[in-house]
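First comes the structure, then the notes that go with it.
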Amino acid sequence: MAANVGRLSVEALRERYVASGEARSARHFQTIWLLAKGHTVGEVAELTSFRRRWIEQLERVRRFSIREGFPTGPKNAILSS
């Protein structure tokens, strides 16, 4: 499932996070949702226990996706199952 999360609303991201049947996808949607809500990378790292560097990469991809309208990546980070 490859999701174009850059185009989803904050509420749609939350719904996907809550409805996800797979733990990995749920954690990714949670991270993206928290970033979209305006949480800082540091706050998201603390809440999710992910490394700051990974979250920073995820945030860059999310912002690029929103700006350019591309499907999101990176390869094994955003819901590429």
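Bear in mind that the values in this text are calculations on the coordinates, not laboratory data. This one's a predicted model, so the numbers in the text were calculated from it and none came from an experiment. Here Cβ is always computed from backbone atoms with ideal geometry, including for glycine, and neighbour counts include all displayed protein chains.
Values for this structure:
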quantity: Matching residues, the stretch 34-61, being exposed (fewer than 14 other Cβ atoms within 10 Å of the Cβ) and either in contact with a strand residue (DSSP E or B) (Cβ under 8 Å, 6 or more places away or on another chain) or under 19 Å from Val18 (Cα atoms) (or both); calculated: Lys37, Gly38, Leu47, Ser49
quantity: Filtered residues of the stretch 12-33 (kept if surrounded by fewer than 21 Cβ atoms within 10 Å (Cβ to Cβ), within 12 Å of the chain's Cα centre (by Cα) and of a type in the set (S, T, N, Q)); calculated: Ser25, Gln30
